[in-house]
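The values are calculated or read from the model by the stated rules, or taken from the named source; none is laboratory data. This is a predicted model, so every value here is computed, not measured. Heads up, the Cβs are rebuilt from the backbone with ideal geometry, glycines too, and the neighbour counts pull from every protein chain shown.
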Amino acid sequence: MAARTESLARDPYQELGVSRTASADEIRKAFRKLAKQNHPDTNPNNKEAEERFKRVSAAFDILGDADKKKKFDAGEIDADGRETARGFGGGQGPWGAHAGGGFSRRGGGPYGAESFEGAGPPQAPATPTDRSLRASKPEGGQSPRRTS
């Protein structure tokens, strides 16, 4: 029979038998109780107790550390402490909602054209077509009159 290479990953709260709102003290007490019951020295030659001890220890490794607990609760790490792969949900990229790049009408640019975020302030157009559009009105701001 092949050896089991099962991950220790399970919900740490369930593993310790505490609620998600448990205090740090409640988490520590639950861990100590379960670790004592399932410790390999207390249960020699008992593979089930040894596996349970490993799972309880892994759960406490996450929930006993305030930073890891916060990351686990936010879904940033899994029950083994590995970073989770988060998708691009909610219109956000991997760097957050608007972390540079992309097109926007903020700043507008000349003639309401879109400008590229993060490229600095909008610059005056430099193409010949854009220059001819600016020069279409003569001095004084009036449009040329047609005579027929």
Filter result for the condition that a residue is out of contact with any Phe, Trp or Tyr (no Cβ under 9 Å at 6 or more places or on another chain) and either surrounded by 13 or more Cβ atoms within 10 Å (Cβ to Cβ) or in contact (Cβ under 8 Å) with a residue 40 or more places away in the chain (or both), over Ala35, Ala30, Ala24, Ala74: Ala24
Given (1) among the basic types (Lys, Arg); (2) over 18 Å from Asp11 (Cα atoms); (3) at pLDDT 95 or above, number of the condition Arg32 does not satisfy: (2)
